[in-house]
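Chemist: My structure is below; once you've seen it, I'll send some questions.
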Amino acid sequence: MDRFTRIFELHKILSSRHTPISRRDLEEKLESNRSTIKRTIEEMRNFLGAPIIYDRAQNGYYYDRQQGTHPYEIPGLWFSSSELYALITTQKLLSDIQPGLLDDSIKAFRQRIQTLLKHMGTESTELDRRVKILQTEARPTDTEDFRKLVTALIHRRQIKVIYHGRQRDQLTERMVSPQRLIYYRDNWYLDGWCHLRKGLRTFSLDRIKPAFIDDATALEYGDKALDEHFTRTFGIYAGPVTETAHLIFDSEAAKWVADEHWHPQQQGRTLPDGRYELKIPYGNPTELIREILKFGPDAEVIAPPSLRQQIIDRLQETIEQYKKL
């Protein structure tokens, strides 16, 4: 355990106790010898102003809670090495998901973390080398456009956008009251109230061009209403639940599907013969069909009949496409 972590851990131990703790117990908890514990206590007293008192009668150390009206806290930015690694990893994850989003804002903070790590005898460069974030189907989102949307979302303002919908291949100008940003399968989406369509809609961020943030206050929807609309059905295609898909995966595909989380209300079980049964509520079947087709002959739709027929139609269309060659 390095010096910084030892100080941090000793502070946590003393802060959480209302009775003195013996030096022997501190040696065990901090994995240190007697001289190291004494040196750590002296450093905290002399350089950090820690009110550590030794109670001879109870043969233990404690924080003097009579000093001041608030519990003692270590001054400045203090983290253990594992917490610093977690912060660096979190920043790297966000940076890789949305490059440039917070790089300027947290540059100084990252430098302070790196300085602390150096004092602990380690570097963040090793973590950068060892941790990789790989995105498979990401569609790039302009950083400045992303910031506009986040600003409108947090400050609860309506935003004017130019949206290119893939399904109709049309450009439309809309005023949107943003509700939530969603990161789903390597891509960003905005859930919001569309003032043009008079309803809740999901917008793919790579198809949005924010024009400006309006002074008008965004319409507000509660979490329950948003969850009802956006998260009850399968995938990013929202809408009321109308059907439940009944799927069966063969024993080979079951090794993966049994551990996957497709939907919050999914129901799954392993069958006696090793196959896997999965039931998923859905409204718009578009994305669900794509997921099922990925498994080819390893998946079968049992119900409803309409979904089963849609899968059959898509497979027949695929066969006809290959017959043209």
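The values are calculated or read from the model by the stated rules, or taken from the named source; none is laboratory data. None of these values were measured; they are calculated from a predicted model. Heads up, the Cβs are rebuilt from the backbone with ideal geometry, glycines too, and the neighbour counts pull from every protein chain shown.
Chemist: Output the strands (runs of 3 or more DSSP E) that fall wholly within the stretch 165-249 and possess 2 or more residues being in contact (Cβ under 8 Å) with a residue 24 or more places away in the chain and of a type in the set (S, T, N, Q), or say none.
Modeler: On the way: elements: 170-184, 187-194, 199-204, 208-217, 243-249.
Qualifying strands (runs of 3 or more DSSP E): 170-184, 199-204.
Chemist: When the stretch 147-173 is examined, which residues are found to be within 25 Å of the chain's Cα centre (by Cα) and of a type in the set (Lys, Arg)?
Modeler: Answer for the stretch 147-173, where residues must be within 25 Å of the chain's Cα centre (by Cα) and of a type in the set (Lys, Arg): Arg147, Lys148, Arg156, Arg157.
Chemist: Would you confirm, using the coordinates I've provided, whether Leu307 is surrounded by 12 or more Cβ atoms within 10 Å (Cβ to Cβ) and assigned to a strand (DSSP E or B)?
Modeler: No: the conditions fail for Leu307.
Chemist: So which residues in the stretch 248-272 are closer than 15 Å to Ile302 by Cβ and of a type in the set (Asp, Glu)?
Modeler: Once the filter is applied, which keeps residues that are closer than 15 Å to Ile302 by Cβ and of a type in the set (Asp, Glu), the stretch 248-272 yields only Asp250.
Chemist: Condition check: at pLDDT 95 or above and either of a type in the set (Asp, Glu) or farther than 17 Å from Gln309 by Cα (or both). Does Leu278 satisfy that? Walk me through how you get there before you give the answer.
Modeler: Working: at pLDDT 95 or above: yes; either of a type in the set (Asp, Glu) or farther than 17 Å from Gln309 by Cα (or both): yes.
Considered against the rule, which asks whether it is at pLDDT 95 or above and either of a type in the set (Asp, Glu) or farther than 17 Å from Gln309 by Cα (or both), Leu278 comes out as yes.
Chemist: Out of Gln158, Gln111, I need the residue that is among the polar types (S, T, N, Q) and at pLDDT below 85. Which one?
Modeler: On the way: Gln158 fails: at pLDDT below 85.
Going through Gln158, Gln111 in turn, the sole match is Gln111.
Chemist: Looking at Phe203, is it surrounded by 17 or more Cβ atoms within 10 Å (Cβ to Cβ), in contact with a strand residue (DSSP E or B) (Cβ under 7 Å, 6 or more places away or on another chain), farther than 27 Å from Thr143 by Cβ and modelled with pLDDT of 85 or more? Step through it out loud before you land on a result.
Modeler: Numbers: surrounded by 17 or more Cβ atoms within 10 Å (Cβ to Cβ): yes; in contact with a strand residue (DSSP E or B) (Cβ under 7 Å, 6 or more places away or on another chain): yes; farther than 27 Å from Thr143 by Cβ: no; modelled with pLDDT of 85 or more: yes.
In short, no.
Chemist: Separate question: In the stretch 1-31, which residue that is outside any helix (DSSP H, G or I) and either within 22 Å of Pro71 (Cα to Cα) or at pLDDT 90 or above (or both) is nearest to the chain's Cα centre (by Cα)? Steps first, answer last, please.
Modeler: To start, the set of residues in the stretch 1-31 that are outside any helix (DSSP H, G or I) comprises 1-2, 17-22, 31.
With the extra rule that they be either within 22 Å of Pro71 (Cα to Cα) or at pLDDT 90 or above (or both), the set shrinks to 17-22.
Details: Arg17: 34, His18: 36, Thr19: 39, Pro20: 40, Ile21: 39, Ser22: 41 Å.
That would be Arg17.
Chemist: Could you check, for the stretch 211-219, whether at least one of its residues is farther than 14 Å from Gln158 by Cβ and of a type in the set (Val, Ile, Thr)? Break it down into steps so the answer makes sense when it comes.
Modeler: Here is the first cut: in the stretch 211-219, the residues farther than 14 Å from Gln158 by Cβ are none.
Among the residues of the stretch 211-219, not one is farther than 14 Å from Gln158 by Cβ and of a type in the set (Val, Ile, Thr), which makes the answer no.
Chemist: For Leu278, indicate whether it is within 18 Å of Tyr184 (Cβ to Cβ) and either hydrophobic (A, V, I, L, M, F, W, C) or outside any helix (DSSP H, G or I) (or both). Outline the logic, then answer.
Modeler: On the way: within 18 Å of Tyr184 (Cβ to Cβ): no; either hydrophobic (A, V, I, L, M, F, W, C) or outside any helix (DSSP H, G or I) (or both): yes.
Answer is no for this residue.
Chemist: Is it the case that the stretch 232-243 has a residue that's at pLDDT 90 or above and either among the charged types (D, E, K, R) or under 23 Å from the mean Cα position of the chain (by Cα) (or both)?
Modeler: Looking for residues that are at pLDDT 90 or above and either among the charged types (D, E, K, R) or under 23 Å from the mean Cα position of the chain (by Cα) (or both), one finds at least one in the stretch 232-243, hence yes.
Chemist: Now, a different point. Looking at Ser22, Ser32, Ser15 in this structure, which one is buried (at least 18 other Cβ atoms within 10 Å of the Cβ), among the polar types (S, T, N, Q) and either in contact (Cβ under 8 Å) with a residue 24 or more places away in the chain or under 27 Å from Gln114 (Cβ atoms) (or both)?
Modeler: Ser32
Chemist: Restricting to the stretch 116-153, give me the number of residues that are among the β-branched types (Val, Ile, Thr), part of a helix (DSSP H, G or I) and modelled with pLDDT of 70 or more.
Modeler: Of the stretch 116-153, the ones among the β-branched types (Val, Ile, Thr) are 122, 125, 131, 133, 136, 141, 143, 150-151.
This time we only want the ones that are part of a helix (DSSP H, G or I), so: 125, 143, 150-151.
Now restrict to residues that are modelled with pLDDT of 70 or more: 143, 150-151.
Number of matching residues: 3.
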